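One structure is given here, and the rest of the page talks about it.
The values are calculated or read from the model by the stated rules, or taken from the named source; none is laboratory data. Quantities reported herein were computed from a predicted structural model and do not represent experimental measurements. Here Cβ is always computed from backbone atoms with ideal geometry, including for glycine, and neighbour counts include all displayed protein chains. Accessible surface is based on the protein model in full, side chains and every heavy atom, while ligands, DNA and RNA are left aside. Shrake-Rupley method; radii C 1.70, N 1.55, O 1.52, S 1.80 Å.
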Amino acid sequence: MHALHHSAIRNLVLPLLEAGGTAPILQLGHPVLRRPAEPFDGQLDDAELAALLELMRRTMHAAPGVGLAAPQIGVPLRIAVLEDGFAADPEVAAVRERTPLPYFAVINPRYAPIGTETASFYEGCLSFAGFQGVVERHRTVRLDYRRADGSPATGQFTGWPARIVQHETDHLDGTLYLDKVLTRSLAGDAEYREYWAQPEIGRARAELGI
């Protein structure tokens, strides 16, 4: 795939910014979700980038979700926003290692596992609305990225924050959680809440054969 000219990127972004409010979230089947996003290298000026990040954050909050990658709103750039401030049930939070993740934006992120431990839990995706599925992910990862001001940053994430980091960075490579899901675990949102919303996935493993 040929890289889009800077003007082509701006032509995608500016109408979204001018529309105000929130951006439509693309759903599974849209080709932009399957294409590796382009590294950000100045396609937008500082003000446009700041406005795009704010639009993505508003859209993520409104959905609601805990992360949003630029391709999910039709912008093929390696940019994502992450934030988890949801109040989880204490038992669920403990088992899933779900701790608050303050808002931050990542530019050109790459992650790598730290150690060999993995964790398997249900997760969902704003671009595959209405479903949940079990995904095995690295328990701890290192994330290298650039901040919105261009400065380099590195972070280490464990548990649920590590899951969010991996999920959103995967989007930028054209990968959705559906590509990694244990397919027998897939459940509609209502069915997930009724049958499989326990802190651990032991019941789902036993009854669904995963």
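Could you let me know the centre-to-centre spacing of region 1-52 and region 156-210, using Cα atoms, in angstrom?
27
If you place +1 on the Cβ of every Lys and Arg, -1 on the Cβ of every Asp and Glu, and leave all else neutral, what size is the dipole of the chain about its Cα centre, to the nearest 20 Debye?
Rounded to the nearest 20 debye, it is 340 debye.
Would you kindly derive the ³J(HN,Hα) couplings of region 83-90 from the backbone phi angles with the Karplus curve 6.51 cos²θ - 1.76 cosθ + 1.60 (θ = phi - 60°), listing them in order in whole Hz, with x for Gly and Pro?
5, 10, x, 5, 7, 8, 3, x
Are there trypsin sites (Lys or Arg not before Pro) in region 2-64 that DSSP marks as loop and that have at most 12 other Cβ atoms within 10 Å, and which are they?
Within region 2-64, no trypsin sites (Lys or Arg not before Pro) qualify (loop, at most 12 other Cβ atoms within 10 Å).
Shape call for the chain from the C-alpha gyration tensor, a ≥ b ≥ c root eigenvalues: rounded (a/c under 1.5), prolate (a/b greater than b/c) or oblate?
prolate
Once the piece of chain linking Glu194 and Asp45 is laid out straight, how much longer is it, given 0.36 nm per residue of separation minus the C-alpha distance between them?
This chain segment gains 48.9 nm when fully extended.
Tell me, what is the 1.4 Å probe accessible area of Ile210, in Å² to the nearest 10?
Only protein atoms counted, so the area is about 50 Å².
Where nothing but the Cβ of Lys and Arg (+1) and of Asp and Glu (-1) is charged, how large is the charge dipole of region 88-169 around its Cα centre, in debye to the nearest 20?
About 240 debye.
Using a 1.4 angstrom probe and counting only protein chains, how large is the accessible area of His30 in Å², to 10?
It works out to around 80 Å².
Where Rh is the Kirkwood radius over the Cα pairs of region 17-115, the temperature 10 °C and the viscosity 1.306 mPa s, what D in µm²/s does Stokes-Einstein return?
The Stokes-Einstein estimate is 107 µm²/s.
Take Asp41, Asp189 and sort them by solvent-accessible surface of the protein heavy atoms, 1.4 Å probe, largest at the top.
My answer, sorted largest first, is Asp41, Asp189.
Among Ala63, Ala197, Leu49, pick out the residue whose Cα is farthest towards the positive end of the charge dipole of the chain, where Lys and Arg carry +1 and Asp and Glu carry -1 on C-beta, about the Cα centre.
Comparing the listed Cα positions along the dipole, Ala197 ranks first.
Using packing as a proxy for protection, rank 201-208, 142-149 so that the peptide with the highest average count of other Cβ atoms within 10 Å comes first.
In decreasing order of mean packing, 201-208, 142-149 become 142-149, 201-208.
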